[in-house]
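S.K.: Have a look at this one before I ask anything.
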Amino acid sequence: DGRVLYERSKDLLAHMEELEGLFRQDEAQLSGRIRVDMPNVMARELILPRLSQFMDAHPLIELEISCTDRQVDLLAEGFDCVLRVGAQPDHSVVARVLCRMPMINCASAGYVQRYGVPATLADLARHQLVHYVRPLGSRSAGFEYQQGNKVQRIPMAGRVTVNSTDAYRVACLGGFGITQVPALGIRDLLASGELVALLPDYPAPPLDVSLLYAGQRHLPLRVRVFMDWLAATLQAHL
């Protein structure tokens with residue numbers, strides 16, 4: 001009858017309030033280990049310089065941070081969350097798009113001095129591209145640029161192919177060709193004149209930055225709090 005339903009509603013409300021109380025626990029007392037993987041440039045330029053903000057607020061949390069160019073297996077390797085840049089073909093995990101990373105075309109000052117500055121897309125026929133592929137042996141897309149809603153590709157010559165972002169950066173500085181890289185990782189090199197920005201009217205399409213986690217696995221509160229901090233940090237600076 002109505003009284004029974006009323007009592008059951010009270011019990012349900014009390015249960016919900018109890019659960020909410022668990023989630024309102026003092027976040028400063030969160031403890032345990034969090035294992036995360038992220039691109040090296042993101043760790044170096046954005047996350048590690050600001051990590052003390054999170055660690056000071058949560059003194060009982062320990063972090064394991066992996067920085068690799070390979071695509072780790074979140075589930076098999078036991079990661080709590082993974083930051084990735086670009087398209088995410090893995091449908092076994094949840095991908096939360098946080099923001100987009102601007103890209104820039106550039107070459108070393110030495111390369112520009114030797115080969116000149118390309119002013120048009122047609123000029124690229126006389127230039128070299130440092131090719132980045134993952135894994136080695138796969139085919140490079142060439143020079144990519146966005147035109148309207150479409151991504152266009154121009155095949156380009158290139159004598160050097162790498163599969164590491166660090167090697168990509170060093171190959172560019174070494175004068176081996178043009179690269180298309182996140183603006184985040186080269187601001188200091190552009191400011192110093194070591195790298196020169198090229199073809200500003202034909203930028204590579206920005207890349208999605210996604211936070212991956214296992215949807216079927218219960219996420220501890222410490223992981224959710226850390227993921228929210230990662231998201232806020234990236235959205236504020238990209």
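S.K.: Are there any pairs, at least 6 apart or on different chains, whose C-beta atoms fall under 7 Å, with the first in the range 77-105 and more than 21 Å from ARG33 (Cα to Cα) and the second open to solvent by 20 Å² or more (accessible area, probe 1.4 Å) and acidic (Asp, Glu), and if so, which?
M.R.: From residues that are more than 21 Å from ARG33 (Cα to Cα), the pairs are GLY86/ASP208; VAL97/ASP208; ARG100/ASP208.
S.K.: Quick check, is ARG84 of a type in the set (Lys, Arg), open to solvent by less than 70 Å² (accessible area, probe 1.4 Å) and touching a Pro at 6+ places or on another chain (Cβ under 8 Å)?
M.R.: On the way: of a type in the set (Lys, Arg): yes; open to solvent by less than 70 Å² (accessible area, probe 1.4 Å): yes; touching a Pro at 6+ places or on another chain (Cβ under 8 Å): yes.
So ARG84 passes the test.
S.K.: Follow-up. Quick one: count up the residues across the range 73-90 that are out of contact with any helix residue (DSSP H, G or I) (no Cβ under 8 Å at 6 or more places or on another chain) and part of a loop (DSSP other than H, G, I, E, B).
M.R.: Start the filter on the range 73-90 by keeping residues that are out of contact with any helix residue (DSSP H, G or I) (no Cβ under 8 Å at 6 or more places or on another chain), which leaves 73-79, 82, 84, 86-90.
Then drop every residue that is not part of a loop (DSSP other than H, G, I, E, B), which leaves 73-79, 86-90.
Here the count works out to 12.
S.K.: Hey, another quick one. Can you confirm whether the range 126-134 contains a residue that is touching an Asp or Glu at 6+ places or on another chain (Cβ under 7 Å), buried (at least 19 other Cβ atoms within 10 Å of the Cβ) and within 23 Å of LEU207 (Cβ to Cβ)?
M.R.: Taking the range 126-134 first, the residues touching an Asp or Glu at 6+ places or on another chain (Cβ under 7 Å) are 134.
From what is left, the residues that are buried (at least 19 other Cβ atoms within 10 Å of the Cβ) are none.
No, the range 126-134 contains no residue that is touching an Asp or Glu at 6+ places or on another chain (Cβ under 7 Å), buried (at least 19 other Cβ atoms within 10 Å of the Cβ) and within 23 Å of LEU207 (Cβ to Cβ).
S.K.: Taking only the range 42-72 into account, find how many residues are open to solvent by 20 Å² or more (accessible area, probe 1.4 Å), in a loop (DSSP other than H, G, I, E, B) and either modelled with pLDDT under 90 or of a type in the set (Val, Ile, Thr) (or both).
M.R.: The number of residues fulfilling the criteria is 4.
S.K.: Does the range 136-157 contain any residue that is hydrophobic (A, V, I, L, M, F, W, C), within 22 Å of the chain's Cα centre (by Cα), open to solvent by less than 50 Å² (accessible area, probe 1.4 Å) and over 19 Å from ARG96 (Cβ atoms)?
M.R.: Here is the first cut: in the range 136-157, the residues hydrophobic (A, V, I, L, M, F, W, C) are 136, 141, 143, 151, 154, 156-157.
So of that shortlist, the ones also within 22 Å of the chain's Cα centre (by Cα) come out as 136, 141, 143, 151.
If we keep only those that are open to solvent by less than 50 Å² (accessible area, probe 1.4 Å) too, we end up with 141, 143.
Narrowing further to those that are over 19 Å from ARG96 (Cβ atoms): 141, 143.
The answer is yes, given that some residue of the range 136-157 is hydrophobic (A, V, I, L, M, F, W, C), within 22 Å of the chain's Cα centre (by Cα), open to solvent by less than 50 Å² (accessible area, probe 1.4 Å) and over 19 Å from ARG96 (Cβ atoms).
S.K.: Could I ask something else about it? When you scan the range 141-193, how many residues do you find that are within 17 Å of PRO205 (Cβ to Cβ), part of a strand (DSSP E or B) and aliphatic (A, V, I, L, M)?
M.R.: Of the residues in that region, 4 qualify.
S.K.: Restricting to the range 91-122, what's the tally of residues that are open to solvent by 50 Å² or more (accessible area, probe 1.4 Å) and assigned to a loop (DSSP other than H, G, I, E, B)?
M.R.: 6
S.K.: Quick check, is ASP166 acidic (Asp, Glu), at pLDDT below 95 and either under 18 Å from the mean Cα position of the chain (by Cα) or open to solvent by less than 50 Å² (accessible area, probe 1.4 Å) (or both)? Step through it out loud before you land on a result.
M.R.: Numbers: acidic (Asp, Glu): yes; at pLDDT below 95: yes; either under 18 Å from the mean Cα position of the chain (by Cα) or open to solvent by less than 50 Å² (accessible area, probe 1.4 Å) (or both): yes.
Taking the combined requirement at face value, the residue satisfies it.
S.K.: Something else about it: If I ask for residues that are assigned to a strand (DSSP E or B) and either more than 14 Å from PRO118 (Cβ to Cβ) or open to solvent by 60 Å² or more (accessible area, probe 1.4 Å) (or both), which ones from the range 194-210 would you list?
M.R.: First pass over the range 194-210, keeping only residues assigned to a strand (DSSP E or B): 195-198, 207-210.
Within the range 194-210, LEU195, LEU207, ASP208, VAL209, SER210 meet the criteria.
S.K.: Determine, yes or no, whether GLN235 is over 16 Å from VAL36 (Cα atoms) and open to solvent by 60 Å² or more (accessible area, probe 1.4 Å).
M.R.: On the way: over 16 Å from VAL36 (Cα atoms): yes; open to solvent by 60 Å² or more (accessible area, probe 1.4 Å): yes.
When the stated conditions are applied, GLN235 passes them.
S.K.: Could you give me the residue pairs with C-beta distances under 7 Å whose first residue belongs to the range 40-56 and is farther than 21 Å from ARG187 by Cα, whose second residue is modelled with pLDDT of 95 or more wherever it lies, and which are 6+ apart or on separate chains?
M.R.: Every condition considered, the pairs that remain are PHE54/PHE226; PHE54/TRP229.
The values are calculated or read from the model by the stated rules, or taken from the named source; none is laboratory data. For clarity, every value in this text was computed on a predicted model and none was experimentally measured. All Cβ positions, glycine included, derive from the backbone under ideal geometry; neighbour counts span all protein chains shown. We work out accessible area using only protein heavy atoms, side chains counted, and drop any ligands, DNA or RNA first. Shrake-Rupley method; radii C 1.70, N 1.55, O 1.52, S 1.80 Å.
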